[in-house]
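Chemist: Below are the structure tokens for one structure; questions will follow.
The values are calculated or read from the model by the stated rules, or taken from the named source; none is laboratory data. The shown structure was predicted, so the numbers you read here are calculated from the model rather than taken from an experiment. Please note: Cβ atoms are built from the backbone with ideal geometry, for glycine as well, and neighbour counts cover all protein chains shown. Protein only, heavy atoms only, side chains kept; ligands, DNA and RNA dropped before computing areas. Shrake-Rupley method; radii C 1.70, N 1.55, O 1.52, S 1.80 Å.
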Amino acid sequence: MADQLGILLAGFTNLLGLQLASRLLTFFFNLLIVRRLSPEEYGVAAVQFHLLTTTILFLSREGFRRGCLRKDGSQEHEDKQPNAESLELQRVLGICWLPIPVGIVISTIVCSFLCWSQTGDDSSAYCHAVVLNGVATVIELCSEPMYIIAHLWLRFDLRLAVEGTATLVKMISVLLLLDFTLVNRATIFAYSQVAFAVVSLIGYGTLAPRIFKEAGDSLTLKTMLTFDPGMMSLSLIFSFQAVVKHFLAEGSKFVLVSVESWYHQGVYGLVNNLGSLVVRLLFQPLEESAFTAFSRSGVSRSDKQGMGRLVKLLAALVRGVSLIGTMAITFGPSYSKLFLRIVYSTKWSTTEAPTVLALYCGYIPLLAINGITEAFTHAVLDVKGLGWSNVFMIAVTLVHVAISVAFVRTWGSCGLVLADGLNMAMRIAYSFRCIGGYFRGVPSFSWTSFVPRMATLLGALAAAFVAEASRHVIFDLRLLSSFAQQACVHIAVGAACAAALVGLMYFSERQVWTDLLALKRSGEKKED
């Protein structure tokens with residue numbers, strides 16, 4: 001358990017640093033970029049090309065990442081051997097290169113379909129940009145073996161450096177090409193994606209010498225073509241699950257691209273990038289670190305004491321991210337329009353973007369909880385359990401797509417957020433069902449430990465009421481003449497409410513931090 005918590009804290013700290021640097025950097029450059037583009041141009045880059053690259057990358061590598069990093073129960077006896085790390089590296093080497101050929105096939109199919117389906121005067125330039133994005137994904141996948149081994153060795157610092165540098169190069173290249181060239185806008189974003197992929201490959205390639213050194217004579221063609229049955233089985237299960245999970249997460253965007261105009265795609269793309277800033281900054285690195293920690297915990301279900309500590313850790317994580325989500329849903333709806341007006345001017349604040357962003361703030365807590373609960377269930381379920389999870393995800397995907405089509409046609413971009421929220425709620429319910437079954441019979445397991453205390457929820461409700469009343473009185477009734485005065489007073493009210501709510505959380509939710517610190521101290525004693 002000490003190792004588990006250490007992996008979680010170290011991984012989260014490093015990945016949080018990566019997300020903080022890259023996302024804030026992305027936000028700053030994105031602000032500069034958006035001001036140079038029309039909503040239609042921004043929609044192509046923020047929704048269509050983003051969907052293209054994430055589809056190819058996620059389907060090609062996600063299953064192999066999780067399959068290589070998860071420690072199967074059949075491998076536990078090898079951990080006690082002196083050459084355990086070498087044996088594990090050999091197993092991973094036989095799997096970790098597979099995302100490259102898989103990615104080439106998927107990239108070829110997806111890019112060919114998009115170019116074939118494209119019509120209009122700009123089809124040639126659009127297809128050129130699509131092909132460049134496909135090439136970029138293949139280049140990035142060439143770094144995947146090093147990425148997987150870096151995570152296997154817990155080299156989160158390498159990812160911090162590589163992805164931070166690649167993001168910076170990508171954003172600077174977009175700005176330079178926008179300001180100093182006459183290149184087609186779509187092609188500019190494609191070139192920047194190629195730059196990101198090349199920097200990633202070079203960065204992760206610095207790990208290659210150590211891989212050759214550690215592998216030694218075992219790094220042969222035979223080793224690369226020897227597939228560990230357990231790891232391959234898990235990788236295939238996770239790959240299938242990745243397909244379902246991707247269309248669950250992005251299905252609404254596929255619907256948006258199919259039925260909405262480029263203008264509405266641009267509006268949704270802007271809101272999605274803003275609304276997901278907190279998600280990607282805090283929740284994504286925590287989810288990835290939690291999966292790694294839970295996968296390699298080694299806690300047996302017969303070990304009641306170990307299971308008790310695992311319950312405490314999971315409950316503390318779920319409750320912790322719930323508190324962050326509570327802050328978003330408390331203040332987001334009342335400050336979304338003001339934020340868009342200050343940052344992006346009235347060009348964006350007078351569209352439906354404020355309403356979409358307000359709804360997205362209610363979606364954030366669901367994203368946060370689902371990230372942790374799914375990370376846990378994927379880490380601890382056996383092959384049969386993962387199979388049933390895939391069946392459930394297929395059913396949810398079909399429901400999600402149907403709901404997305406109906407909601408988008410009725411409410412436009414707002415319908416996308418509502419459909420995604422229902423999708424996330426169904427996935428959380430299934431994860432909770434799996435968690436309840438896994439911890440059945442553990443005395444310390446209680447659902448009440450997973451949710452914030454009543455005092456916190458009542459405090460959040462009161463703060464939301466005050467913030468919304470402030471927005472109505474200051475902006476709707478126009479009691480103040482200038483926008484600067486209105487903004488300052490409204491922000492001051494929000495800051496006071498936020499400070500009071502954080503103080504209330506500190507006292508009422510102290511058990512969350514107590515559990516984490518107690519687990520850490522017990523781990524340190526065991527190490528001594």
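Chemist: Between region 410-444 and region 371-386, how many Å separate their Cα centres?
Modeler: One Cα centre to the other: 14 Å.
Chemist: Starting from the Cα of I491, move 7 Å in the Cα-to-Cβ direction to define the label point; list residues of region 304-335 whose amide nitrogen is under 18 Å from there.
Modeler: Residues 331-335 fall inside that zone.
Chemist: Work out the charge dipole of region 214-328 with +1 on the Cβ of Lys and Arg and -1 on the Cβ of Asp and Glu about the Cα centre, then indicate which of L225, L270, F283 is farthest towards its positive end.
Modeler: The Cα lying farthest towards the positive end belongs to F283.
Chemist: Further question on the same structure: Residues of region 353-452: accessible area per residue at 1.4 Å, in Å²?
Modeler: Per residue, region 353-452 has an accessible area of 39 Å².
Chemist: Using only Cα atoms, locate the centre of region 448-519 and the centre of region 222-258, then give the distance between them in Å, rounded to an integer.
Modeler: 40
Chemist: What is the Å³ per residue value for the convex hull set by the Cα atoms of region 81-208?
Modeler: Here the figure is 90 Å³ per residue.
Chemist: If you don't mind, there's one more thing I want to ask. Could you list which residues have their amide H under 5 Å from that of V183, counting only those 5 or more apart in sequence or on another chain, with H placed in the peptide plane?
Modeler: none
Chemist: Per residue, how large is the accessible surface of region 20-59? Use a 1.4 angstrom probe and give square angstrom.
Modeler: 36
Chemist: Can I ask one more? What are the semi-axes of the equivalent ellipsoid of region 387-457, taken as the square roots of 5 times the eigenvalues of the Cα gyration tensor, listed largest first and rounded to whole Å?
Modeler: 30, 19, 5
Chemist: Only four residue types carry charge here, +1 at the Cβ of Lys and Arg and -1 at the Cβ of Asp and Glu. Report the dipole size of the chain about the Cα centre in Debye, rounded to the nearest 20.
Modeler: I would put it at about 920 debye.
Chemist: Let me ask something else. Please give the FRET efficiency for V131 paired with E40, using the beta carbon to beta carbon distance and R0 = 25 Å, rounded to the nearest 0.05.
Modeler: It comes to 0.75.
Chemist: Here is the link list: K312/K337; K253/K337; K170/K253; K213/K384. Which ones come out longer than 28 Å on Cα distance?
Modeler: Too far apart for the 28 Å limit: K312/K337; K213/K384.
Chemist: While we're on this one: Ranked highest first by average number of other Cβ atoms within 10 Å, how do 404-415, 481-492, 201-212, 53-64 line up?
Modeler: Highest-to-lowest ranking by the protection proxy: 53-64, 404-415, 201-212, 481-492.
Chemist: Okay, moving on. Please work out, to two decimal places, the log10 of the ratio I(q)/I(0) at q = 0.06, 0.07, 0.08 Å⁻¹ from a Debye calculation in which every Cα of the chain carries one identical scatterer.
Modeler: For the requested q values the scattering log ratios are -0.30, -0.41, -0.55.
Chemist: Could you tell me the ratio Rg/Rh of region 280-433? Both radii from Cα atoms, Rh via Kirkwood.
Modeler: So for region 280-433, dividing Rg by the Kirkwood Rh gives 1.05.
Chemist: Regarding region 460-505, what is the average projected area of its C-alpha convex hull, in nm²?
Modeler: 2.8
Chemist: Another question, if that's okay. To the nearest 20 Debye, how big is the dipole of region 85-237 about its Cα centre, given +1 on the beta carbon of each Lys and Arg and -1 on that of each Asp and Glu?
Modeler: Using Cβ point charges on Lys, Arg, Asp and Glu, region 85-237 gives about 120 debye.
Chemist: Something else: Give or take rounding to whole Å, what are the principal axis extents of the alpha carbon atoms in region 428-502, in descending order?
Modeler: 63, 23, 15
Chemist: Which whole-Hz couplings ³J(HN,Hα) result when phi for each residue of region 259-270 is put into the Karplus expression 6.51 cos²θ - 1.76 cosθ + 1.60, θ = phi - 60°, listed in order with x for Gly and Pro?
Modeler: Listing the rounded values in order: 10, 9, 6, 4, 4, 5, 5, x, 4, 5, x, 5 Hz.
Chemist: Once all Cα-Cα distances of region 194-284 are split into 10 Å bins that start at 0, what whole-number percent is in each one?
Modeler: For region 194-284, the pair-distance distribution reads 12, 20, 34, 21, 12, 2.
Chemist: What percent do you get for the relative contact order of the chain when only Cα pairs under 8 Å and 6+ apart count?
Modeler: It rounds to 22 percent for the chain.
Chemist: Tell me, what % of the accessible area of the chain is carbon and sulfur with a 1.4 angstrom probe?
Modeler: After summing per-atom areas, the C and S share lands at 67 percent.
Chemist: On full extension of the chain, what length is gained from F240 through F339, given 0.36 nm per residue of separation minus the C-alpha to C-alpha distance?
Modeler: 31.7 nm
Chemist: With n ≥ 4 as the cut-off for DSSP H runs, can you work out [θ] at 222 nm for the chain, using -39500 (n - 2.57) per run divided by the number of residues, rounded to the nearest 500?
Modeler: -27500 deg cm²/dmol
Chemist: Something else: How large is the dipole of region 295-435 about the Cα centre if only Lys and Arg carry +1 and Asp and Glu carry -1, each at its Cβ, rounded to the nearest 20 debye?
Modeler: Roughly 280 debye, rounded to the nearest 20.
Chemist: Would you please classify the overall shape of region 300-364 from the alpha carbon gyration tensor, given that a ≥ b ≥ c denote the square roots of the eigenvalues, rounded means a/c under 1.5, and beyond that prolate means a/b larger than b/c while oblate covers the rest?
Modeler: prolate
Chemist: Residue by residue through region 308-323, which ³J(HN,Hα) values in whole Hz follow from phi under the Karplus form 6.51 cos²θ - 1.76 cosθ + 1.60 (θ = phi - 60°), with glycine and proline marked x?
Modeler: x, 5, 5, 4, 4, 5, 4, 5, 5, 5, 4, 5, x, 5, 5, 5
Chemist: Moving to a separate point now. So, for region 110-247, what is the accessible surface per residue at a probe of 1.4 Å, expressed in square angstrom?
Modeler: 47
Chemist: Of the options A419, G362, Q193, report the single residue whose Cα projects farthest towards the positive end of the charge dipole of the chain (beta-carbon charges: Lys, Arg +1; Asp, Glu -1).
Modeler: Toward the positive end, the furthest listed residue is G362.
Chemist: Is region 233-367 best put as rounded, prolate or oblate by its Cα gyration tensor, with a ≥ b ≥ c the root eigenvalues, rounded for a/c under 1.5, and otherwise prolate when a/b is larger than b/c, oblate when not?
Modeler: oblate
Chemist: Return the tail of the calculated pair distribution for region 179-234, meaning the percent of Cα-Cα pairs more than 13 Å apart.
Modeler: 75
Chemist: Using only alpha carbons, build the gyration tensor for region 344-399 and give me the equivalent ellipsoid semi-axes, biggest first, whole Å.
Modeler: 36, 14, 7
Chemist: For T410 and D303, compute 0.36 nm times the residue count separating them, minus their Cα-Cα distance, and round to one decimal in nm.
Modeler: Length gained between T410 and D303: 33.3 nm.
Chemist: If R₀ is 25 angstrom, what is the calculated FRET efficiency for the pair F28 and L182, using the beta carbon separation as r and rounding to 0.05?
Modeler: Efficiency for this residue pair is about 0.50.
Chemist: Taking the alpha-carbon centroid of each part, what is the distance from region 46-67 to region 160-190 in angstrom?
Modeler: So the separation of the two Cα centres works out to 20 Å.
Chemist: Now for a separate question. From the backbone phi of region 100-110, what are the Karplus-calculated ³J(HN,Hα) couplings (6.51 cos²θ - 1.76 cosθ + 1.60, θ = phi - 60°) in whole Hz, Gly and Pro given as x?
Modeler: 5, x, 4, x, 4, 5, 5, 4, 4, 5, 5
Chemist: Here is a further query. Give me the three principal axis extents of region 381-426 from the C-alpha atoms, as integers in angstrom, largest value leading.
Modeler: 40, 14, 10
Chemist: Hey, can you rank 438-451, 183-196 by average C-beta count inside 10 Å, highest first?
Modeler: Ranked by mean Cβ neighbours within 10 Å, highest first: 183-196, 438-451.
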